[in-house]
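Since every read-out is calculated from the coordinates, none of them should be taken as a lab result. As the structure is a computational prediction, the values presented were derived from the model and not from experiment. Positions of Cβ are backbone-derived with ideal geometry, glycine not excepted, and every protein chain shown enters the neighbour counts.
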Amino acid sequence: MRLSSQYRLTLIFTGVMAVLLFSVNIIMYNLSSGFRKQNFLKSLEDRAAIIAVAHQNENFEEILQELSTKHVHRITEAEDFVVEMEEGGQLDKTKINLPLSDEFFNQLFLNGSAGEIIKNKSFAGVKFKDKNTGQDFVIFSAAEDITGNTYRKKLRTSLAAAFVLAVLTMIITSIIFSRRLFDPVLRLIQSVNSINAFNLGTRLEKGDFTNEISELKDTFNEMLSRIDEAFKTQQKFIGNTTHSLRTPLTIIMGEVEIALGKLDKKHELYEPLESINQEAEKLNHIVNTLLEVARSGTGKQKREWGKVRIDELVKSIYESVIRMDRSFKVKIGSNSKAIKNQFFIVNGNESLLNLALTNIVLNGIKYSDQKKVKIKFGKKTNKIFIRIIDNGIGIPKDDIPNIFLPYYRAKNTYTYEGFGIGLPLTMDIINMHGGAIYVMSKPNFGSIFTVELPLAVSNKTTFGS
Ligand code: ADP
């Protein structure tokens, strides 16, 4: 948007103004140069007329000599010729070694005087009759307008410099003005982009907007309010429904657990009951996720906050994931040995952290077609990291920045079930805990999700102590 509109506006404005300015400069130059040339030609004709009068004088040669050394009408280095006309008023053009056109001679015979400019040289001719002898003569004067040429050169340089300066000024001012014009719009776009299903309560702030943009902002805020209202109603419904599902689900899971505990593994009902247990566990995860999504839309709620032991959290995630399907290959990382004598504590809500990390682990299993997923954890200065590694389909580079956006799914996941709400919820929960998530992924190679959380206490204590 910035590139296309802002720079297009700058380009169009500068382009139009540059063409206009260039045309004005050309017109000004031609007018001034033409006026100067005509002036010089007139002066040259005057000079020829003076010579014609002087020709009647006995001291003509001296006068001519003096004239050629003096600047008449700012004319320097002029050449003057007196050519005698033949009988019948004809002129032998071969005697005149000047590149003059026929039009010049026509004008000369018709008006008695003529002028012509060829390249940079001006030519003037004046016809006259010697009073004493009655002989017809023509005086030709030829000169170059040296001061005029210098003037034209200076004019060209000044106009070119003024043009370049004006274009530069126009580019700079149009960039500044288009920025002023577009920056509020860009800020508005940024604010709009930051609004998603998890923060629909956000409204666009007042800014130094023009009337139209301010109206657009108000309209957008009104629309947001309507969407927010509709979304809240929907979430309330999801929240209530999932909440009602939770109690029977907990009862089913509890009862099945009791039944499984009482049955021998070889019993014919053991397998179906275990299958019920697995499905109930999966359902429980889905219900919890939905419940949290519904809650996150209804403003920040008070959560039970406490100390959470990461090793225990990872273990319980491992156990619940395995309970969902015994065929899942989840492994708690080998470096757990290195931290055997330590445990790490973070401040937070255990069930939320469990939900967030389980989402990542289940994604690892799903997108690697149930190949092995490793969970590693450890300490990094004053943070604890939990790393979930899979060798699955990976995430295309372009999709990585978007996978935490609600309902976003990467291009390569169309054959996999999913809705794109797990990772945004995970991100929301991790942010709530002051942590961060980093993703490294290569298509067809695998993904590494690293969750970092601020460490509350780090004790060198044996497990269970
Ligand atoms: P979904 O229900 O689609 O899995 P999520 O919000 O959990 O939704 O994930 C969002 C998207 O991120 C997925 O659709 C997928 O494209 C990508 N993704 C997440 N984890 C992985 C992974 N381990 N491997 C490959 N892609 C992943």
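The alpha-carbon of residue 307 sits under 12 angstrom from the alpha-carbons of these aspartates and glutamates, leaving out residues fewer than 8 places away in its chain: 350. Each Lys and Arg adds +1 at its Cβ and each Asp and Glu adds -1 at its Cβ; summed about the Cα centre, the stretch 213-305 shows a dipole of about 320 debye. Between residue 90 and residue 332, residue separation times 0.36 nm minus the direct Cα-Cα distance comes to 75.2 nm. Annotation: peptides 274-283, 126-135, ranked by per-residue average of other Cβ atoms within 10 Å with the highest first, follow the order 274-283, 126-135.
The shape of the chain can be summarised by an equivalent ellipsoid whose semi-axes, obtained from the alpha carbon gyration tensor, come to 102, 23, 20 Å from longest to shortest.
Each label was represented as a point 7 Å from its Cα along the Cα-to-Cβ direction; for residue 325 and residue 107 these points are 10.0 nm apart.
List the aspartates and glutamates whose alpha-carbon lies under 14 Å from that of residue 262, not counting same-chain residues fewer than 8 positions away? Within the straight-line limit of under 14 Å, residue 262 reaches these aspartates and glutamates: 271, 274. Let me know the shape class of the stretch 34-126, please: from the alpha-carbon gyration tensor, a ≥ b ≥ c as square roots of the eigenvalues, rounded when a/c is under 1.5, otherwise prolate if a/b is greater than b/c, or oblate. Oblate is the answer for the stretch 34-126, as a/c is 1.5 or above yet b/c matches or exceeds a/b. Pairs with C-alpha atoms separated by more than 24 Å, drawn from the list 232/366; 329/376; 37/131; 315/383; 232/383, are 232/366; 37/131; 232/383.
When all alpha carbon pairs of the stretch 217-258 are counted in 5 Å bins from zero, the resulting P(r) reads 6, 21, 13, 12, 11, 10, 8, 7, 5, 4, 3, 1 %. Summary of the geometry: the stretch 157-231 and the stretch 89-104, compared by the centres of their Cα atoms, lie 73 Å apart. Bridging of residue 206 to aspartates and glutamates at a Cα separation below 16 Å is possible for 183, 215, 218, 222, once same-chain residues fewer than 8 apart are set aside. Charge tally for residue 356 (other residues, Cβ to Cβ under 10 Å; Lys, Arg +1; Asp, Glu -1): -2. Dividing the mean sequence gap of close Cα pairs (under 8 Å, 6+ apart) by how many residues the chain holds gives a relative contact order of 11 percent.
Simple point charges give the picture: +1 on the Cβ of Lys and Arg, -1 on the Cβ of Asp and Glu, and for the chain a dipole about the Cα centre of about 3640 debye. Secondary structure note: in the chain, about 95% of the DSSP beta bridges are antiparallel.
Legend: distances between Cα atoms for 95/153; 282/411; 93/119; 236/397; pairs beyond 28 Å are 95/153; 236/397. Of all DSSP bridge pairs formed entirely within the stretch 321-411, close to 75 percent run antiparallel. A DSSP coil position with no more than 11 other Cβ atoms inside 10 Å describes the following trypsin sites (Lys or Arg not before Pro) in the stretch 16-116: 70.
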